[in-house]
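The values are calculated or read from the model by the stated rules, or taken from the named source; none is laboratory data. Computed from a predicted model, the values in this text were never measured in an experiment. Heads up, the Cβs are rebuilt from the backbone with ideal geometry, glycines too, and the neighbour counts pull from every protein chain shown. Side chains are part of the model used for accessible areas, which takes the heavy atoms of the whole protein and leaves out ligands, DNA and RNA. Shrake-Rupley method; radii C 1.70, N 1.55, O 1.52, S 1.80 Å.
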Amino acid sequence: DLGIGSTFSLVGSSTTTEFTHSNISPPGSTFNYQVSAVNAAGEGPLSSVVGVILATVPEKPNAPTVTSTTQTSISILWTAPANGGSPITQYVIMYDAGINNAYIQAGTSTIPSFTISGLTTGRGYRFTVQAVNAVGSGEASSPSLEIISAVVPGAPGTPTYLTSSPT
């Protein structure tokens, strides 16, 4: 169905019960299909209409949030976005270390979490995430809040008594 009323166009034929319709666009469009069987006696009735949405890139993920930090690593987590009709194959994680908003690729992940190591202690980092599927890369997430690679200091030693006065 080309979207013009209820008119259907012949897109091909097959000698099996499978058919691949290639080179169609634009992504995100709905295509409606009907099938009929043909033998020596002629063509049978058309099947019911089935609508298929042509896959598109994944949606924009939410901004990542921190799950844990050490002095030199940060772990982040995000919610997987809608996949656009094709499974997400990977996420591309970018980070900015506060230097002119210059994002650098930190790595990729096949799950919606990531740990980056080798960071500078005490420096603030912001992260973005981009989902990728067979169609391509979706829009990058908004940046995370600034996350500082550091750990909470340990407990101080036991205090010792030095001196006292009446007041």
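Observations
- Residue ranking by accessible heavy-atom surface, 1.4 Å probe, largest first, among Ile24, Ile53, Ile76, Ile99 comes out as Ile53, Ile99, Ile24, Ile76.
- Other residues lying with their Cβ under 15 Å from the Cβ of Ile148 contribute a combined charge of 0, Lys and Arg counting +1, Asp and Glu -1.
- Computed over the chain: relative contact order in percent, which uses C-alpha pairs under 8 Å that are six or more apart: 20
- Separation between Cα centres of region 89-121 and region 19-46, rounded to whole Å: 44
- Protein accessible area in the chain, 1.4 Å probe - carbon and sulfur %: 56
- Projected over all directions and averaged, the alpha-carbon convex hull of region 9-73 occupies 8.7 nm².
- In the full protein context, region 56-112 carries 53 Å² of accessible surface per residue, based on a 1.4 Å probe and ignoring ligands, DNA and RNA.
- GNM flexibility winner over the chain from Pro156, Pro45, Pro26 (Cα, springs under 10 Å): Pro156
- Residue among Ala106, Ala37, Ala134 with the largest mean-square fluctuation in a Gaussian network model of the chain, springs linking Cα atoms under 10 Å: Ala37
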